[in-house]
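The values are calculated or read from the model by the stated rules, or taken from the named source; none is laboratory data. Note that the coordinates shown come from a computational prediction; the quantities given were computed from them, not determined experimentally. All Cβ positions, even for glycine, are placed from backbone atoms using ideal geometry, and neighbour counts span all protein chains on display.
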Amino acid sequence: MATSDRLSPAAVKLLQEPQIAHVATVMADGSPQVTPVWVDVEDDGSVVMINTPEGNLKTNNVAQNPEIAISVVDKNNAYRLVTLRGTVIERTTDGADAHIDKLAQKYLGQPKYPWHRPGSTRTIWRIKPHHVIERGV
């Protein structure tokens, strides 16, 4: 089990597959909140990304506390996994609609995200890992 502040090439490969991630944020009262999400990663393993609509619970939590945790477990091999703690270093709407379409292709095999809601603003979170644990990758 390796520990570092960036994902290894094997861990990047896992996150490039259509694996569901679970992201944990911290509520205002200090309690954890966990949500399953689609995940993306920079090729060099330095940044993990998720795409979410503005105004939801996890977005409100990150506005108060940018420290989060993410867990990805291979759906075909529960012993192949990556967990990380990190900081949301950027939240941007720039390119977020195109990014969710890219994720729809990855996860659904569809060129467009089918659940776009009129008036909803998508946001990309860029997360810098500061503690990564990998197993079986």
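Within segment 56-80, how many residues turn out to be in contact (Cβ under 8 Å) with a residue 40 or more places away in the chain and not charged (D, E, K, R)?
Initial filter on segment 56-80 (in contact (Cβ under 8 Å) with a residue 40 or more places away in the chain): 59, 62, 65, 67-75, 77, 79-80.
Subsequent filtering for residues that are not charged (D, E, K, R) retains 59, 62, 65, 68-73, 77, 79.
Of the residues in segment 56-80, 11 are in contact (Cβ under 8 Å) with a residue 40 or more places away in the chain and not charged (D, E, K, R).
Just one of the listed residues (Glu90, Glu42) is charged (D, E, K, R), out of contact with any Ser or Thr (no Cβ under 8 Å at 6 or more places or on another chain) and under 23 Å from Ala10 (Cα atoms), and it is Glu42. Does Gln33 fit the bill of being without any contact (Cβ under 8 Å) to a residue 60 or more places away in the chain, in contact with a Leu (Cβ under 9 Å, 6 or more places away or on another chain) and farther than 18 Å from Tyr113 by Cβ? So Gln33 passes the test. Among the numbered conditions (1) within 13 Å of Val12 (Cα to Cα); (2) out of contact with any helix residue (DSSP H, G or I) (no Cβ under 9 Å at 6 or more places or on another chain); (3) loosely packed, with under 15 Cβ neighbours inside 10 Å, the only one that Asn77 does not meet is (1). I want to confirm something. Restricting to segment 50-72 and keeping residues that are assigned to a strand (DSSP E or B) and crowded, with 19+ Cβ neighbours inside 10 Å, which single residue is nearest to the chain's Cα centre (by Cα)? If we take residues in segment 50-72 being assigned to a strand (DSSP E or B) and crowded, with 19+ Cβ neighbours inside 10 Å, then Ile50 is nearest to the chain's Cα centre (by Cα). Total residues in segment 73-99 satisfying the condition of being part of a helix (DSSP H, G or I) and among the hydrophobic types (A, V, I, L, M, F, W, C): the figure is 2. For segment 80-95, filtered to residues that are closer than 18 Å to Gln16 by Cα and among the aliphatic types (A, V, I, L, M), the residue that is surrounded by the most Cβ atoms within 10 Å (Cβ to Cβ) is Val82. Considering (1) loosely packed, with under 13 Cβ neighbours inside 10 Å; (2) of a type in the set (D, E, K, R); (3) touching a helix residue (DSSP H, G or I) at 6+ places or on another chain (Cβ under 7 Å); (4) touching a residue at least 60 places away in the same chain (Cβ under 8 Å), the lone condition that Arg117 does not fulfil carries the number (3). Gln105 meets the stated requirement of being closer than 19 Å to Asp43 by Cβ and among the polar types (S, T, N, Q). Taking each residue of segment 95-108 that is more than 10 Å from Arg122 (Cα to Cα) and looking for partners that are in a helix (DSSP H, G or I) and modelled with pLDDT under 95 with beta-carbon atoms closer than 6 Å, six or more apart or interchain, yields nothing.
Within segment 1-41, if we keep just the residues that are among the polar types (S, T, N, Q) and not in a loop (DSSP other than H, G, I, E, B), the residue that is surrounded by the most Cβ atoms within 10 Å (Cβ to Cβ) turns out to be Thr25.
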